[in-house]
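No lab work stands behind these numbers, since they all come straight from the coordinates. Note that the structure is predicted; figures quoted are calculated from it, not measured. FYI the Cβ positions are ideal-geometry reconstructions off the backbone, even for glycines, and counts take in every protein chain you see.
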Amino acid sequence: MERDAQFDVLLGLLQTFEREGVLQHLMLIGSWCLFFYRSASPKVGEFPAVRTLDADFLIPHQRGLARDVDVPSLLQELGFVPTFYRSSQWVVYDHPELRVEFLAPELGRGSSEAQTVPKLHIKAQRLRYLQLLADYPKRVTYQGVTLRIPEPSAFALHKLIVSGRRTGGAKRRKDLEAAIAVLDYVYAHPRELTMMRTILHRLPKGWLKTLDGLATTHYPVLTGDIRERLRR
Amino acid sequence: MGSIEAVLREELQRLRVAEKSYQRAMKGLPKGSIQHKRIKGRQYPYLAFRKAGKVAYRYLGRLSQDDLKAFRNGIEQRVRYERLCAEVRKSQRRLQRMIRGTRRAI
């Protein structure tokens, strides 16, 4: 729970993944991204200090995975312990400071079972809308580690869209807070705004309609951009 | 339930699961330390461990150097997991106090 201890565990994990050639195939998503956006931003207070205890790693696709790396063994050497979810056959890795989860985009009709990643010896949970993050990566370097995180605009749109699917009130609130904070940042920076409009231009109409409904309630400024895209 | 209390409860739940996972993992790992006994000029590996307050020894059999190394790694992993499991329990107690504190504050 202590900030430094928790961050040290994450940094140690990122360094191990980089050394073993795994990190280049993963994307760090979830609230930890806010920490890296904040560290890359010269202005203090642009991003909220909210973080979760989960470190979520997205596996965008398995095509580039050439080397066989035993990720569970690497995690166990760092003190992580596997926790099994029998219903979905999903495995997460727990540590006193952090939980590591592997996720993959759910495509097509989807499946309730976790996706096996044989090259990394892991199972990833399939979730909707993760393709939105996978398609817009951003490279950041922090303390000598280069990692991929989603573009802030993709992060904000994803948080907004998943907040509509949440059933738990607290998680929904957390998603909305993160989305609104990053959208404020996007609208304050022309480069980010251009990126967001590009993303909106490429999104399926169904997703845009969902976003429009959520933006009307939570971030009305965004509806202008969404409706312009929907009119075309 | 407030946002903070919900986050604390979620973390407490995660730590309970983590404790169980550590305990399950430790069940499969050896406990004690490796000691070599010299009998008639030859060394024989034994596992020394505590059983009902007394030190007990169990002969490990003829192990190759690699097997012995793997066994030693298992002991080290168990010691690491015991330390981390203790940290998990400590964090649980702290979170329980925090949850009680948030309730009182409300």
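Quick look at the values:
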item: Selection from B:Tyr22, B:Gln43, B:Ser64, by position along the positive dipole direction of chain B (Cβ); result: B:Gln43
item: Neighbour net charge for B:Leu63 - beta-carbon separation under 12 angstrom, K R +1, D E -1; result: +1
item: Set of the range A:64-87 residues, backbone N closer than 16 Å to the point 7 Å along the Cα-Cβ line of B:Lys20; result: A:81-87
item: Inter-chain Cβ neighbour average for residues A:74-85, partner chain, 10 Å; result: 4
item: Whole-Å distance, taken between Cα centres, linking the range B:38-77 and the range A:116-162; result: 46 Å
item: Chain B - percent relative contact order, Cα under 8 Å, separation 6 or more; result: 33 percent
item: Partner lysines for A:Lys209 [C-alpha distance under 21 Å; skip if fewer than 8 residues away on the same chain]; result: A:Lys159
item: Dipole moment magnitude, nearest 20 debye, the range A:179-232 about Cα centre, only Lys, Arg, Asp, Glu C-beta charged; result: 340 debye
item: Whole-number percent relative contact order across the range A:1-150, with pairs defined as alpha carbons under 8 Å at least 6 apart; result: 25 percent
item: Dipole magnitude (debye, nearest 20) for the range B:4-85, charges at Cβ of Lys, Arg, Asp, Glu; result: 720 debye
item: Charge context of B:Arg16, other residues only, Cβ under 15 angstrom, K/R +1, D/E -1; result: +4
item: The range A:85-188, dipole about Cα centre (Lys/Arg Cβ +1, Asp/Glu Cβ -1), debye to the nearest 20; result: 260 debye
item: Cleavage-rule hits (GluC sites (Glu not before Pro)) in the range A:88-190: DSSP loop, at most 13 neighbouring Cβ within 10 angstrom; result: A:Glu113
item: Under Karplus coefficients 6.51, -1.76 and 1.60, residue-wise ³J(HN,Hα) of the range A:58-65 in Hz, glycine/proline x; result: 8, 9, x, 7, 9, 4, x, 6
item: For the range A:151-232: rounded, prolate or oblate by the Cα gyration tensor [a/c cutoff 1.5]; result: oblate
item: Dipole of the range A:126-195, positive direction: furthest Cα of A:Val140, A:Ile161, A:His189, with charges on the beta-carbon; result: A:Ile161
item: Percentage of interatomic Cα-Cα distances in the protein assembly as shown larger than 35 Å; result: 32 percent
item: Cα-Cα over 18 Å, subset of B:Lys20/B:Lys69; A:Lys123/B:Lys27; B:Lys20/B:Lys90; B:Lys31/B:Lys51; A:Lys171/B:Lys20; result: B:Lys20/B:Lys69; A:Lys123/B:Lys27; A:Lys171/B:Lys20
